[in-house]
1. Could you point to the residue in Asn361, Cys225, Ile155 farthest towards the positive end of the chain's charge dipole, with +1 and -1 charges on the Cβ of Lys/Arg and Asp/Glu respectively?
2. For the range 116-234, what does the relative contact order come out to in percent, with C-alpha contacts under 8 Å and a separation of six or more?
3. Among Tyr385, Gly312, Phe183, flag the residue with its Cα farthest along the positive direction of the charge dipole of the chain, charges on Cβ as +1 for Lys/Arg and -1 for Asp/Glu.
4. Each residue of the range 278-287 in turn: what ³J(HN,Hα) in whole Hz from Karplus with 6.51, -1.76, 1.60 and θ = phi - 60°, glycine and Pro shown as x?
5. If a cysteine in the chain has no other Cys Cβ under 4.7 Å from its own Cβ, put it on the list, ordered by number.
6. Could you give the dipole magnitude of the chain about its Cα centre, charging the beta-carbon of Lys and Arg +1 and that of Asp and Glu -1, in debye to the nearest 20?
7. Please report the net charge: other residues with Cβ closer than 15 Å to the Cβ of Asp322, K and R +1, D and E -1.
8. Using 0.36 nm times the number of residues separating Ala376 and His216, minus their current alpha carbon distance, what extension gain do you get?
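Laboratory data are not the source of any read-out in this text; all were calculated from the coordinates shown. Keep in mind it's a predicted model, so treat the numbers as computed, not measured. Cβ atoms come from the backbone with ideal geometry, glycine included; neighbour counts cover every protein chain shown.
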Amino acid sequence: MSTQVCIIGAGPSGLLLGQLLHDAGIDAIILERATLEHVLERVRAGVLEQGTVELLERAGVGERMHAEGLVHEGFAITREDEVHHIDLSSLTEGKTVMVYGQTEVTHDLVERRAQTGALSHYQVEAVDPQDFDTDHPHVTCRIGGENIRINCRFIAGCDGFHGASRRAVPESAIRTFEKIYPFGWLGILADVPPASDELIYASHSRGFALCSMRSHSRSRYYIQCNAGDSIEAWSDDQFWDELRRRLPAEMAEAVTTGPSFEKSIAPLRSFVAEPMRFGSLFLVGDAAHIVPPTGAKGLNLAASDVHYLFEGLRAHFLEREDTLLDAYSQRALARAWRAVRFSWWMTTMLHRFPDNAPFENRILETELAYTLESQAAKTALAENYVGLPY
Ligand code: FAD
Ligand code: DHB
């Protein structure tokens, strides 16, 4: 088998890159380890920056997103019983975010890929990128029990944090930066109306909580939990009780409870791998960087990587010009580090750290107080939340 770009991973970054390449007339094959059902069922992010929305439109999947997605002009930050409004739109000269689940984005991209006849393989085993220090790399794998070799010009490693692409890079060629946070997020989905029209980020002495949504009738809630907690230890009733305790009284009363149909615990981590290019192999999205979810940046960062890589690949194949491709790692990392910083800052300011010294706690309380009272600080928060320019 041969192709121009071999994409490893059919998460949002692999699917989006695949569609943009396909529409530009550049041949790409996607290799995915999981089943299609598994990929479509995964529940993750929910907030899209304008840049991500524009990229999805460009990939031909804007229609359902605009019909069903919810445009948000602001959100609330609560501190114990106080409510503070962050008016994203007025703080950023009219910018907004779109609440539209990653599950829906993936669904739309999978459907569009099928319509356009582009090739994806699921349940692919033993994917191994090779010879990427040359101009003629290849990927070996097993599809339906058969050993396959795919010759290509470039490999896009869109295979997430635990994928094969980053692992294939020799240790001496890569530098990694990591911070593990001493807590996790317990998240649920329930078919109940959201507590508020806007997202609520709650800072509380019992721990952080987030009220989000997927539609007017489907709510997504998260609470900070202990790093070692298991899902079995959290009944729905315990979850709803703990969530309401962390919200101001009027917001707690507005929470409609009901049975959850999804419940999971995510660990929180910041991670960056440098560089993001190794010869003919490019790392994209979670394969290169992870952010804690507090700033809603993970998926958006995957989209901006795709933008930079697509621009580079298009210029290479269609214009025989490599300046943009050569700048990929530097451009993507510059933006990624800004999102890593913002996500770390939001996480640090809004969560309770079990081992913090009293001094550190006072500093964080002061950071939040300053952010909520200063127009300049709120502007910086809003500018980052809606997404820094590409
Ligand atoms: P992924 O979505 O991880 O996709 C990688 C794909 O590669 C997967 O389909 C995987 O099966 C496949 N793959 C892996 N290894 C191989 C292999 N060896 N061979 C072939 N295929 C392989 N972000 C937010 O902004 N808000 C959130 O609330 C949020 N919640 C999250 C919860 C969890 C549990 C996780 C893990 C992430 C969450 N994120 C969240 C982050 C966001 O979902 C990711 O940033 C986003 O999915 C990145 O997309 P990606 O395509 O780069 O990677
Ligand atoms: C969602 C997740 C986030 O991490 C966030 O900051 C906002 C919303 C969500 O899943 O809806």
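1. Farthest towards the positive pole: Ile155.
2. Working: 167 pairs, mean separation 19.9, N = 119.
Result for the range 116-234 is 17 percent.
3. In the chain, that residue is Gly312.
4. Calculated HN-Hα couplings, in order: 10, x, 9, 10, 10, 9, 9, x, 4, 5 Hz.
5. Cys141, Cys158, Cys211, Cys225, each lacking another Cys Cβ under 4.7 Å.
6. 560
7. Combined, the nearby Lys, Arg, Asp and Glu give 0.
8. So the chain would gain 54.3 nm between Ala376 and His216.
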